[in-house]
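Here's the structure, in structure tokens; my notes come after.
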Amino acid sequence: MTGLFLAYLAGPARTASAIYILGDLFETWIGDDDIGSDFPARIVSALRATADDGTTISFLAGNRDFLIGDAFAAASGVRLLTEPYVLSTPEWQFVLAHGDALCTDDDAYQAFRRQVRHLDWQAAFLARPLAERRALAENMRDQSEHTKREKAAYLMDLNPGETDDFLRAHGYATFIHGHTHKPAQHDHLVDGIHVERWVLADWHENAGEYLAWNGERLTRHPVLANVA
């Protein structure tokens, strides 16, 4: 997966004027003081090279890497966004988000999300030693994976009513998000207006996918591993 993403940054990303990463770039992010570790350093270096080559890179946080901060942005050349982010082009308007905030049927997850997004919790977590943070993050990740296996599928998807309210509040813009691991293109009818919602795909070891806007329409494009 890492090699695939690095190949994307060195290839297709260089032909785009701008790219938007909608969270969960990392499995976990335990603080910007971990940038010097081998894996984060590889990603930061690749992002910086692409940004220096002229592609504007923007990032909004997911549920796994919400602690990414200003030091990461400065090192990588990435612009940090706050969700939801309204993206206006000369031809169309989009609204971008990670997507987890609209999974409101899952009360337990929303309570956890409120806790870890609170500035006091984040300050206390970041004050811990790096090794302790890494162990805590791995434990939380393991617990999350275990919990997901026991949850009903609808709990991990966007609430329909909340989604329609979100689309209404953002002027019926085309909505792009991730998080649910259910890539699709959905058609909503909100107040008699047709609105599209595009869900991003996961990236795996041998295949990934990105959306591209060519001024007329959104299209999905595969990124495939070079298997000889």
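Throughout, read-outs are computed from the coordinates displayed, never taken from laboratory work. Note that the structure is a prediction, hence the values are computed from the model and not measured. Heads up, the Cβs are rebuilt from the backbone with ideal geometry, glycines too, and the neighbour counts pull from every protein chain shown.
A few comments on the model shown:
- Per-pair calculated FRET efficiency, R0 = 22 Å: residue 39 and residue 206 via Cβ, rounded to 0.05: 0.70
- Rounded to the nearest 20 debye, the dipole magnitude of the stretch 41-126 is 240 debye, with +1 charges on Lys and Arg beta carbons, -1 on Asp and Glu beta carbons, and the Cα centre as origin.
- Sorted on the mean count of surrounding Cβ atoms within 10 Å across their residues, most packed first, peptides 71-80, 216-225, 97-106 read 97-106, 71-80, 216-225.
- The calculated FRET efficiency for residue 123 paired with residue 16, based on their beta-carbon distance and R0 = 41 Å, is about 0.70.
- For the stretch 1-35 versus the stretch 162-206, the inter-centroid distance based on Cα atoms is 22 Å.
- Under 5 Å, built H, 5+ apart or other chain: amide partners of residue 203: none
- Ordering 194, 92, 13 by Cα displacement along the dipole of the chain toward the positive end leaves 13 in first place; charges were set at the Cβ atoms of Lys, Arg (+1) and Asp, Glu (-1).
- Residue 18 long-range amide H proximity, modeled H, under 5 Å: 56
- Highest mean packing first, where packing is the average number of other Cβ atoms within 10 Å per residue, the peptides 111-118, 165-172 line up as 165-172, 111-118.
- Summarising the label geometry, the points placed 7 Å from Cα in the beta-carbon direction at residue 86 and residue 162 lie 2.2 nm from one another.
- Under a Gaussian network description of the chain, with springs only between Cα atoms under 10 Å, the residue in 189, 22, 60 that fluctuates furthest is 189.
- Evaluated at q = 0.08, 0.11, 0.13, 0.15 Å⁻¹, the base-10 log of the normalised Debye intensity for the chain, with identical point scatterers placed on the Cα atoms, takes the values -0.30, -0.59, -0.84, -1.14.
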